[in-house]
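Okay, structure first, notes after.
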Amino acid sequence: MIFRKALCHRPVAAAATLTMFAGLPVGLHAQESVEERLSALEQQLAEVEPHARGEQGFSFNTYARSGLLLNSDGKSAPGGPYLTPAGSVGGAVGRLGNEPDTYLEAILNYKTVAENGTQSHYRLMIADSTTSSNDWTAGDGALNVRQAYVEFSNLASFTGIFEDSSIWAGKRFDRDNFDIHWLDSDFVFLAGTGAGIYDVAFSDSVTSNFSLYGRSFLDFPSDPNTTDGSSDTDNLVLTANNYFGNMQWMINGMSAADNDERIVGGVMEAADTGVNTMLAYHGGNFFGISDGNFKVALLHGQGLGAEVKNIGADGNLHEDAVSTRLGIYGTTYLSDTWRIAPMILAETSKDRYVEGDEYQWLTFNTRLANELSANFEMQYEASWQVMDLQTQGYEGRGDVDGDYARFTVAPTFKPQVGGFWNRPEIRVFASYSTWDDDLNGFDGGDALGQEDFGGSQWTFGTQMEIWF
Amino acid sequence: MIFRKALCHRPVAAAATLTMFAGLPVGLHAQESVEERLSALEQQLAEVEPHARGEQGFSFNTYARSGLLLNSDGKSAPGGPYLTPAGSVGGAVGRLGNEPDTYLEAILNYKTVAENGTQSHYRLMIADSTTSSNDWTAGDGALNVRQAYVEFSNLASFTGIFEDSSIWAGKRFDRDNFDIHWLDSDFVFLAGTGAGIYDVAFSDSVTSNFSLYGRSFLDFPSDPNTTDGSSDTDNLVLTANNYFGNMQWMINGMSAADNDERIVGGVMEAADTGVNTMLAYHGGNFFGISDGNFKVALLHGQGLGAEVKNIGADGNLHEDAVSTRLGIYGTTYLSDTWRIAPMILAETSKDRYVEGDEYQWLTFNTRLANELSANFEMQYEASWQVMDLQTQGYEGRGDVDGDYARFTVAPTFKPQVGGFWNRPEIRVFASYSTWDDDLNGFDGGDALGQEDFGGSQWTFGTQMEIWF
Amino acid sequence: MIFRKALCHRPVAAAATLTMFAGLPVGLHAQESVEERLSALEQQLAEVEPHARGEQGFSFNTYARSGLLLNSDGKSAPGGPYLTPAGSVGGAVGRLGNEPDTYLEAILNYKTVAENGTQSHYRLMIADSTTSSNDWTAGDGALNVRQAYVEFSNLASFTGIFEDSSIWAGKRFDRDNFDIHWLDSDFVFLAGTGAGIYDVAFSDSVTSNFSLYGRSFLDFPSDPNTTDGSSDTDNLVLTANNYFGNMQWMINGMSAADNDERIVGGVMEAADTGVNTMLAYHGGNFFGISDGNFKVALLHGQGLGAEVKNIGADGNLHEDAVSTRLGIYGTTYLSDTWRIAPMILAETSKDRYVEGDEYQWLTFNTRLANELSANFEMQYEASWQVMDLQTQGYEGRGDVDGDYARFTVAPTFKPQVGGFWNRPEIRVFASYSTWDDDLNGFDGGDALGQEDFGGSQWTFGTQMEIWF
């Protein structure tokens, strides 16, 4: 309930000087030399510039998308990268022309530099998600705070291996998360409330990051020992990220004190500990073939760590659960006007929720773009997924074995073409998807489980996407 | 779930130069001419100024009102421009001294200019509405996202009739909505999720705008074909706005694929298509009589288009529904210190929800202001509404025929008097309203339907209103 | 539903000039004298600077904290300054290492200066509170609007005793609230929706503030006379704050028209009026002994005024309720590197909710800090509370008599050490608390009432805290 007024960095002397200058008729400046007035202006501008550029004070960042996804009757169509049965265990398909929602992140930053040079960055992220196309969504919107943390860097008193380290505490997305944009899937997504240190430099090419995160499983009955039953910290994750040049080695250990009391699939064998690890390479070109970039990552986890992407988020995992995932993508130009971004994401996991279950899926996706003018390009995306899911009846789900394919054409406007990361974009699109009927038997509650949702469909729509 | 770090427009060279300048003692500038230093300052300031003025980077806009509306016992009084029976079909009365809520819109903008000159504007609007006067309203507040869209203008590659066009996509209020401020009523209010193009210039004096909007009806059972049942896109609206000098001709066509399955008043005759149109004139003076402005609009709609203001928002309309609405207002100065703003809004509609129903109402309202000092004016508002509503029992409502009158005196403080659009304002007010007892029989759930809410009442209160 | 585009303060002439300058090659400036260009720059910078510094246009303020509070099993521990039985009537204990939540206030300001010099300040505060450590809290977050008001100052037409007055309206925290930071407790916390005037200057050393606030009691059945049942204004508070040099005398009168119909503890004797008053001294040194500051306040209230801190917020108070509270704190440096902040807060109240009940509690708390480097200090907090609560069975609560003690050690990082008010801070902490078993019998629903929550516990955690 407290709020304390800011004692803001006000360069009082400079301001006073300026006011004096600005208020006087030109002739009265005579007693001041041009040199003095130039120096005063340079100093004032040096104070103003970092604020205007967002390097000090307030700045604003965003990720947002919003659009319509319609079927051939002009009605809302089900969609989203996670719409197939494999999506329930992280197997996304291509997102272009496949998103029915308005999702946005409004990020408010405030940066300061102390007199001793230590920098401080406060970040607040408010996010919303809704599939309503209405302009008033108080009933079905989801505005909430996803991040609220401070990070200190350039600490005046840090020396040795900590000289360039930064420290943080609060609620955040880990700094080292990275994603496959075309699936709306992170390689790893670690988030929660905690504290940590980045950039401990053991040598010029070896740096490490260490953090502790707490988070809850979304649907676990709460600990009776707390006053607010609905939102305990169930799971603690200790994480280390180690960089050796372009190589990244991440290791996470986690512990959920009471999770062995949890009943999953009628049996009490939920994991209460877990580990997972990732070996990744961040390439500065397109697999050594051409300009561009590529990333490849191999992930493996056990117990609570068998959810290898959303670290520590799944509390239903079996104590014997084992998962292995591989992700690869790259981007490059094929010619002056054609770009390509192929990718593969695949996972195999066993004893995931119930002893004896087995989940295997692989997604292959390629986005192509053809830049046609300063503001326009044609985008194409082809996505193919094959899956073999043996659920042992977990959550009433059936066993399915089959594949899903999707192809999208999206005429796209943007302020300036020139690469896969240029945003904003305004798109219209048409998308055709087709899949084995067998997949419809996985879950009566999911998109493919709906009646009259046959083995193929056309969808159409429009969307904007922006980040800055 | 993704967020990509901004690669911000950082004028690195300029910044480096500046830092060098600012860090050096005055004497060391000797080798640089005054000319060079002046030019550097001018360039740096040219980069900073658009940010400070909100023309590039972040800027903030707002509409907000917050106040107390009390009856003579010092208790909350019912209120709001839509409190009469006619309010249920859009018949608002004067708002001065008649608003019990805190309503606000926080608008976060981010503007960029690409190297090729194309401009981009991202707008996020978060809004809240509550009648609670408490400072913690997590339980009865309504924070939600009303707009999230991007608009491109000055597109480098657009030529011919599109040379000055702008394009947009996302969730938004249409750019061409305009309102009668004194009733808190738009002439037209079109909003939803979609995409469009503005300012296609067929000639110097003829321009057109075209957009497609999707939105849902608030209370229609959802399409079983979707994963999220509560928030489908039920209704698609295709809109065109054509400007011929001061004339505006709007035409909207809409289609709600499954709305003919909807049951209204026990019968299945809900419209599944609709059209409406508006002819408006935006006057640059007070009806040709004196300085000021005026607006006049005639609206007509059928089927789903029979809700002529909130385009596409009402899914209960009968397939034979027909509505015609007329709106007029003007503002002018009567003398150096007195201003006046008279207005009329009236509508007739038939077969609106049930065959044979008929709704007719007319509101006459005048706001007067007497500027008494740099910061103070007396405001007066008189509002009179007559209505004849034959509901055919729709939603259990009775037939009513009668009138309602309201008179408000509001001593008002503002930073600078000088017109109807100057805000912020801080007001105190006293208001007297009186109405035919007959109106109390319309709906037991509305304000006038309450017990002990007789045929007249005094209300008092205080309020702030701001926009920028 | 309306939003009007801002007609922003655009210094068009200056901008045009600037654009001309910036766009031309250096040589073309020849016809303009250095003097003219210097003057133009000075004027432009004078317009830009107040925006960059947040003195005009948009600015951003924050209070936020976020962290983990864990018990020795690595599970969420109950906590918070108000966790003891005395907390139910305002008796907080020390907050260091005792906060399980993410709480934040995002404050968006917009300031303008009219041509006549009148200043306007719009403030919007959005706040959230959750004990979830997850990064998605749409289900258990609480985002809401706590403040939305405008305040005018330096009014051009105000003279005499009002010359330096400012006026406000909307929803706000009163400007004159002040707090004991270490308990997360205000001395007085007055908030709601209303209007008022600050700084009426009767003489150089005597100024007064007058405001009217409306608010609702959180759990009172709503007035059937209103359209929105859940959020009436039940209680009106008239407040005056009078300053005589360092002395502050506050007096509040309140009236809740229908509160005598309220049933508390089965009986209908709830107060429907109340008064309270506070005499406070704001000291500019540490009790006259050394540099620093101190504050002391004596509060007394009756009826609805018997909740002496949260003015007007408690509607269950008995008509005969009487409370008296004393608060004292001070801060000073003991040496170059040690600081201390001792404090006492104590209250006695009678016939509070039920005739014959009696609540007495006293908290003694001291925070110590030892500054060890530019970025690091050790913080210590000792808190002791004694209470004797005779509830007469109100809300099923038992009578308790006992004490609670807490001791915390918190290694703390900050951008720059140097006082109790420097933020942000990043802390890790260990805390030991112990209490009389008797206190566990107060309320089965509170923290100490939980099973296996014995007479002492160790807790650990990490937290960030920031304000600016």
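The values are calculated or read from the model by the stated rules, or taken from the named source; none is laboratory data. Note that the coordinates shown come from a computational prediction; the quantities given were computed from them, not determined experimentally. All Cβ positions, even for glycine, are placed from backbone atoms using ideal geometry, and neighbour counts span all protein chains on display. To get the accessible areas, we keep the full protein, side chains included, count just its heavy atoms, and leave off ligands, DNA and RNA. Shrake-Rupley method; radii C 1.70, N 1.55, O 1.52, S 1.80 Å.
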**Request:** Would you grab the residues whose amide H sits under 5 Å from the one on residue B:185? Only those 5+ places off in sequence or on another chain, please, with H modelled 1.01 Å from N.
**Result:** B:180
**Message:** Past 19 Å, Cα to Cα: identify those pairs from B:309/B:350; B:111/B:171; A:171/C:171; C:111/C:171; B:171/C:171, in the order given.
**Reply:** A:171/C:171; B:171/C:171
**Asked** Please identify the chymotrypsin sites (Phe, Trp or Tyr not before Pro) of the stretch C:399-463 that satisfy two criteria: DSSP loop assignment and at most 11 other Cβ atoms within 10 Å. Which are they?
**Response** C:421
**Asked** Averaged over peptide A:146-157, how many Cβ atoms belonging to another chain are found within 10 Å of each residue's Cβ?
**Response** 6
**Fill in**
Rounded to the nearest 10, the angle in degrees between the Cα long axis of helix A:12-23 and the longest principal axis of the Cα atoms of chain A comes to 70
**Asked** For the stretch C:285-360, what are the per-bin percents of Cα-Cα distances with bins 10 Å wide, up to the bin holding the maximum?
**Response** 20, 36, 20, 17, 7, 0
**Request:** Could you tell me the total accessible area buried at the A-B interface, probe 1.4 Å, in square angstrom to the nearest hundred?
**Result:** 6900
**Request:** Can you figure out the FRET efficiency of residue B:203 with residue B:72, using R₀ = 56 Å and their beta-carbon distance, to the nearest 0.05?
**Result:** 0.40
**Request:** Can you run the Rg to Rh ratio on the stretch B:163-316? Use alpha carbon positions and the Kirkwood inverse-distance Rh.
**Result:** 1.03
**Prompt:** Which distances, shortest first and in nm, link residue A:338 to the matching position in the other copies, using label points set 7 Å out along Cα to C-beta?
**Reply:** 7.7, 7.7
**Message:** How would the stretch B:116-169 be classified by its alpha-carbon gyration tensor: rounded, prolate or oblate, with rounded meaning a/c under 1.5 and the a/b versus b/c comparison settling the rest?
**Reply:** prolate
**Asked** Once you mark the GluC sites (Glu not before Pro) that are in a DSSP loop and have at most 11 other Cβ atoms within 10 Å, what is the longest gap between them in chain C?
**Response** C:116-450
**Item:** Rg/Rh for the stretch B:54-467, where both radii come from Cα atoms and Rh is the Kirkwood radius
**Value:** 0.96
**Message:** Let me check I've understood the local charge: for residue B:364, count other residues with C-beta under 15 angstrom from its C-beta, Lys and Arg +1, Asp and Glu -1. What total comes out?
**Reply:** +1
**Message:** Please list log₁₀ I(q)/I(0) at q = 0.14 Å⁻¹ for the stretch A:52-95, using the Debye equation with identical point scatterers on the alpha-carbon positions.
**Reply:** -0.58
**Request:** Only helical DSSP H runs with n ≥ 4 go in: add -39500 (n - 2.57) per run for the protein assembly as shown, normalise by residue count and round the 222 nm mean residue ellipticity to 500 deg cm²/dmol.
**Result:** -2000 deg cm²/dmol
**Request:** Only Lys, Arg, Asp and Glu count, each charged at its Cβ (+1, +1, -1, -1), so figure out the dipole size of the stretch C:28-160 about its Cα centre, rounded to 20 debye.
**Result:** 620
**Prompt:** In percent, what relative contact order does the stretch B:54-467 have, based on Cα pairs under 8 Å that are 6 or more apart in sequence?
**Reply:** 13
**Message:** If you build the convex hull over the alpha carbons only and average its shadow over all orientations, what do you get for the stretch C:309-459? Give it in nm² to one decimal.
**Reply:** 10.4
**Item:** Full-extension gain in nm, residue B:279 to residue B:33, via 0.36 nm per residue minus C-alpha separation
**Value:** 82.3 nm
**Prompt:** Give me the log10 of I(q) over I(0) for the stretch A:69-211 at q = 0.12 Å⁻¹, as the Debye formula computes it from C-alpha points; what are the numbers?
**Reply:** -0.69
**Asked** Over the protein assembly as shown, one equal point on each Cα, no solvent: what is log10 I(q)/I(0) by the Debye formula at q = 0.04, 0.05, 0.06 Å⁻¹?
**Response** -0.25, -0.41, -0.60
**Prompt:** Which of the chymotrypsin sites (Phe, Trp or Tyr not before Pro) found in the stretch B:138-206 are in a DSSP loop and have at most 16 neighbouring Cβ atoms, other than their own, within 10 Å?
**Reply:** B:202
**Complete:** Computed over chain A: longest principal axis from alpha-carbon atoms vs helix A:34-52 long axis, angle to nearest 10 degrees, is 20
**Prompt:** Average partner chain C-beta neighbours within 10 Å, per residue of B:159-169?
**Reply:** 2
**Asked** Counting only other chains, what is the mean number of Cβ atoms within 10 angstrom of the Cβ of each residue in peptide C:107-114?
**Response** 4
**Prompt:** About its Cα centre, what dipole magnitude does the stretch B:54-467 give when the only charges are +1 on Lys and Arg Cβ and -1 on Asp and Glu Cβ, stated in debye to the nearest 20?
**Reply:** 1520
**Asked** What's the local net charge at residue B:236, with K and R +1, D and E -1, over the other residues with C-beta under 13 Å away?
**Response** -3
**Message:** With a cut-off of 8 Å between alpha carbons and a minimum separation of six or more residues, what is the relative contact order of the stretch A:61-198 in percent?
**Reply:** 18
